[in-house]
Amino acid sequence: MLAPGPNAWKVVVILEELGVPYEIKAFKLTMSRRSLSSTSTQMAESLARTSCLFAVYMLTVAAVEDPNSDLVLWESGALIRYLIEQYAVNKTLTYDSLKEKHHLNQWLQFQMSSQGPYYGVASWFNVLHPEKLPSAIERYNNLLKRVLNCQDDQQV
């Protein structure tokens, strides 16, 4: 199931890479647990039970209902890890060694906690915000440079 924003599309990319068949179902999110509506009752109940309503409210949630394991998960980082563990049988998107596997996870977490949010906020202030705020633009552009430098400094 997809919500507006980039996070759900990260999950779609992984599904495509793994060749896992999927169906996209749109759902509407609101601030109230009682008014949460969805095309899936199980998904709606799972999201309504969570105490992390800010994630739902912010529309950053991606959710998967896996009929093969009867598992409902939300949040793109958790979904990516699950899909790779469950469906990357030929290890195309992961590693066997503990060290490499955890370095890969480190970069996934870096993307979720730094690169993704900073790019999103920088895009907002540079392109979408109706009022140009030079201090905000400078701050988030500098954070983007820091993130890119961190990535560029890594040995592959």
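Could you tell me whether Tyr22 is modelled with pLDDT of 60 or more, of a type in the set (Phe, Trp, Tyr) and part of a helix (DSSP H, G or I)? So Tyr22 fails the test.
Being modelled with pLDDT of 95 or more, closer than 23 Å to Lys10 by Cα and surrounded by 14 or more Cβ atoms within 10 Å (Cβ to Cβ) is the requirement here; does Tyr140 meet it?
On the way: modelled with pLDDT of 95 or more: yes; closer than 23 Å to Lys10 by Cα: yes; surrounded by 14 or more Cβ atoms within 10 Å (Cβ to Cβ): yes.
Considered against the rule, which asks whether it is modelled with pLDDT of 95 or more, closer than 23 Å to Lys10 by Cα and surrounded by 14 or more Cβ atoms within 10 Å (Cβ to Cβ), Tyr140 comes out as yes.
From the list Asn126, Asn90, Asn149, Asn105, which residue is farther than 24 Å from Ala8 by Cβ, in a helix (DSSP H, G or I) and either out of contact with any strand residue (DSSP E or B) (no Cβ under 6 Å at 6 or more places or on another chain) or of a type outside the set (Gly, Ala, Ser) (or both)?
On the way: Asn126 fails: farther than 24 Å from Ala8 by Cβ; Asn90 fails: in a helix (DSSP H, G or I); Asn105 fails: farther than 24 Å from Ala8 by Cβ.
Matching residue, one of Asn126, Asn90, Asn149, Asn105: Asn149.
The values are calculated or read from the model by the stated rules, or taken from the named source; none is laboratory data. Here the structure is a predicted model, which is why all the values come from computation and not from measurement. Neighbour counts run over all protein chains shown; Cβ positions are idealised from the backbone, glycine included.
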